[in-house]
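Have a look at the structure below, then the notes.
The values are calculated or read from the model by the stated rules, or taken from the named source; none is laboratory data. None of the values given here were measured: they were computed from a predicted structure. Quick reminder, even Gly has a Cβ in these numbers, built from the backbone with ideal geometry, and neighbours come from all protein chains shown.
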Amino acid sequence: MSPGLQQVLAAHLPDYCVTHRLDARQSRVCTHILQCRTEALGGYQLACDRCDHDQTQYLSCRDRHCPLCQQRASRQWAEAQQQAVLPVAYHHLVFTLPDTLNGWVRLRPDALYRALFAAVWQTLKAFAADPKRLGGRLGMTAVLHTWGQTLIQHVHLHCLVPGGVLTEQGSWKAASSRYLFPVRALSRHFRGHLVHRLRQLFEAGELSRVTAADVSERLDALMAKEWVVFSRPCEQATRSVVNYLARYSHRTAISNQRILAMDEETVSFRYKDYGDDKKTKVMHLVHEEFIRRFLLHVLPQGLMKIRHLGYLANCCRKKRLVQIRAAIAQAETAEAEPEQAANPVGPELEGWACPVCQGGRLRIVAELPPRRPGGG
């Protein structure tokens with residue numbers, strides 16, 4: 001059986017901490033992952049109501065960095081978002097933070113991530129509001145990712161955008177372009193807005209430990225380069241677009257399925273090489289480097305990595321969706337039937353089929369309190 005992230009951390013995090021200092025946030029995340037579905041979090045004792053089978057089910061940590069928890073969270077999120085799906089074409093766009101800013105991200109991740117969200121939304125909102133383009137109000141769901149396939153730092157936003165706007169008159173205007181907006185124009189507007197916002201952050205004292213010379217040199221160099229924005233229409237049926245985004249919404253830096261092996265020196269994992277025709281390859285990293293790369297992607301406490309903006313914002317979504325559907329004059333998309341979770345927690349375990357006799361149902365017969373290290 002292949003090891004997972006939990007097993008890698010359990011075996012090698014203590015040695016890593018001898019030579020590396022974890023901040024409070026990184027330490028908390030690692031503790032959650034190590035305790036996930038163990039007696040440390042408590043759980044339930046289950047018994048079949050037909051045969052003699054019994055089993056213990058420990059609780060999940062539900063940390064957003066834990067690969068054990070996020071598959072189920074992704075399903076739940078998709079089910080909750082189905083009611084917001086519109087019967088229109090959708091577009092998937094990706095905006096990437098230049099890698100020359102990675103050092104600033106490590107110093108002030110909260111400020112850089114906020115700037116990225118703001119620059120992307122202001123860019124798309126401005127293009128949608130332009131009367132020469134669509135001339136209305138846009139909606140967007142954006143998901144922050146900070147990694148590449150090899151766990152390097154690669155900060156970018158995945159955006160799912162309905163192909164149309166709500167006009168001031170309350171009518172719906174569909175986008176005519178297959179790619180929503182010209183990507184070259186998008187990239188230049190995004191570049192200018194983000195660089196301007198970063199200068200403002202520095203002047204406001206929010207980029208601590210970054211010098212004025214570094215700001216001037218680095219941002220001037222970025223303005224001299226062409227940036228790339230990825231854009232493509234979603235080919236999925238309308239009712240499937242949320243499931244499409246759910247593949248990105250709760251993805252962790254590395255899933256357990258990608259970790260292939262661990263020996264005394266290295267961790268081996270599978271990755272997709274986009275520079276070589278998307279071929280699947282295997283990378284071998286020493287334990288120290290694997291853990292270092294994973295910790296690059298621990299997000300600041302309280303940062304919202306998934307955001308709904310425009311007419312999809314939580315404060316007005318319900319009202320605007322009714323208005324848009326009426327304008328489109330189509331019935332609301334039927335909600336997808338919820339899938340059964342693979343790893344239930346808590347009372348949701350009640351009534352699951354017995355894995356031994358198949359005819360009985362598992363019932364909770366006892367609650368197991370959390371067991372702290374060193375406890376009896």
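So for region 137-148 (the condition being in a loop (DSSP other than H, G, I, E, B), at pLDDT 95 or above and either buried (at least 19 other Cβ atoms within 10 Å of the Cβ) or of a type in the set (Val, Ile, Thr) (or both)), does at least one residue qualify?
yes
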Residue count for region 275-288, restricted to those that are part of a helix (DSSP H, G or I) and over 30 Å from His12 (Cα atoms) = 2
Do any helices (runs of 4 or more DSSP H) lying entirely in region 151-253 carry at least 2 residues that are under 24 Å from Gly135 (Cβ atoms), and which ones are they?
-> 183-203
Please enumerate the residues belonging to region 50-103 that are small (Gly, Ala, Ser) and either touching a helix residue (DSSP H, G or I) at 6+ places or on another chain (Cβ under 6 Å) or at pLDDT below 85 (or both).
-> Ser60, Ala73, Ser74, Ala78, Ala80, Ala84
Give region 254-274 a look and list any residue that's surrounded by fewer than 18 Cβ atoms within 10 Å (Cβ to Cβ) and either assigned to a strand (DSSP E or B) or among the hydroxyl-bearing types (Ser, Thr, Tyr) (or both), or say none.
-> Ser255, Leu260, Ala261, Thr266, Ser268, Arg270, Tyr271, Lys272, Asp273, Tyr274
Close pairs from region 172-191: first hydroxyl-bearing (Ser, Thr, Tyr), partner loosely packed, with under 14 Cβ neighbours inside 10 Å and at pLDDT 90 or above, Cβ under 9 Å, at least 6 apart = Ser187/Glu226
Is it the case that region 108-121 has a residue that's assigned to a helix (DSSP H, G or I), surrounded by fewer than 17 Cβ atoms within 10 Å (Cβ to Cβ) and more than 18 Å from the chain's Cα centre (by Cα)?
-> no
For Cys51: the one exception among (1) hydrophobic (A, V, I, L, M, F, W, C); (2) closer than 26 Å to Leu194 by Cβ; (3) out of contact with any Ser or Thr (no Cβ under 8 Å at 6 or more places or on another chain) | (2)
Residue list for region 122-136, filter: surrounded by 23 or more Cβ atoms within 10 Å (Cβ to Cβ) and within 21 Å of Pro98 (Cβ to Cβ) | Thr123, Leu124
